[in-house]
Amino acid sequence: QVRLVESGGGLVQAGGSLRLSCAASGRTVSRNAMGWFRQAPGKEREFVAARSWSGVNTDYADSVKGRFTISRDNAKNTVYLQMNNLKSADTAVYYCVASTYAAAWPIRTWAYWGQGTQVTVSS
């Protein structure tokens with residue numbers, strides 16, 4: 001079983017930056033794809049970004065391309081989401097996700113979910 005714990009959320013002004021972290025525990029996730037989803041108030045949960053276990057493949061939602069960067073440190077069992085030039089539309093709860101072991105890319109179903117961290121962007 002994989003447990004995911006997000007951190008780094010908070011309140012930031014529009015145009016600012018935040019870096020989210022997601023630490024995995026339970027077992028190593030070095031062969032699991034990892035990613036981020038978000039859910040804004042009154043909206044459905046949506047995909048934000050994902051990165052394969054090897055780092056060869058990455059994917060971003062169109063709304064965050066050029067502003068967000070997903071990275072991972074397999075030695076630390078951690079994935080990051082660097083968010084720059086934040087907009088009020090980025091306000092949401094951000095969830096870290098992980099695939100099953102060695103799942104084929106692109107990932108269709110995410111097996112593990114964190115509890116989420118709140119990001120609020122003030123305009």
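Descriptive notes on the structure:
- Checking each residue in region 8-29 for being in contact with a strand residue (DSSP E or B) (Cβ under 6 Å, 6 or more places away or on another chain), under 15 Å from A111 (Cβ atoms) and open to solvent by 60 Å² or more (accessible area, probe 1.4 Å) picks out only G26.
- When the residues of region 102-120 are filtered to those that are touching a strand residue (DSSP E or B) at 6+ places or on another chain (Cβ under 6 Å) and farther than 20 Å from N77 by Cα, the one that is most open to solvent (accessible area, probe 1.4 Å) is Q118.
- When region 67-99 is filtered for residues that are surrounded by 14 or more Cβ atoms within 10 Å (Cβ to Cβ) and under 13 Å from S30 (Cα atoms), the ones remaining, listed by number, are S71, R72, N74, N77, T78, V79, A98, S99.
- V64, sole failed condition from (1) surrounded by 14 or more Cβ atoms within 10 Å (Cβ to Cβ); (2) without any contact (Cβ under 8 Å) to a residue 60 or more places away in the chain; (3) more than 15 Å from F47 (Cβ to Cβ): (3)
- One residue from A49, A61, A33, A23 being in contact with a helix residue (DSSP H, G or I) (Cβ under 8 Å, 6 or more places away or on another chain) and of a type outside the set (S, T, N, Q): A23
- Qualifying residue in region 30-38 (condition: closer than 18 Å to A103 by Cα and open to solvent by 60 Å² or more (accessible area, probe 1.4 Å)): yes
The values are calculated or read from the model by the stated rules, or taken from the named source; none is laboratory data. Every value quoted in this text rests on a predicted model; they were computed, and no experiment measured them. Positions of Cβ are generated from backbone atoms using ideal geometry, with glycine treated the same way; all protein chains shown enter the neighbour counts. Keep in mind that these areas ignore ligands, DNA and RNA; they rest on the heavy atoms of the full protein, side chains included. Shrake-Rupley method; radii C 1.70, N 1.55, O 1.52, S 1.80 Å.
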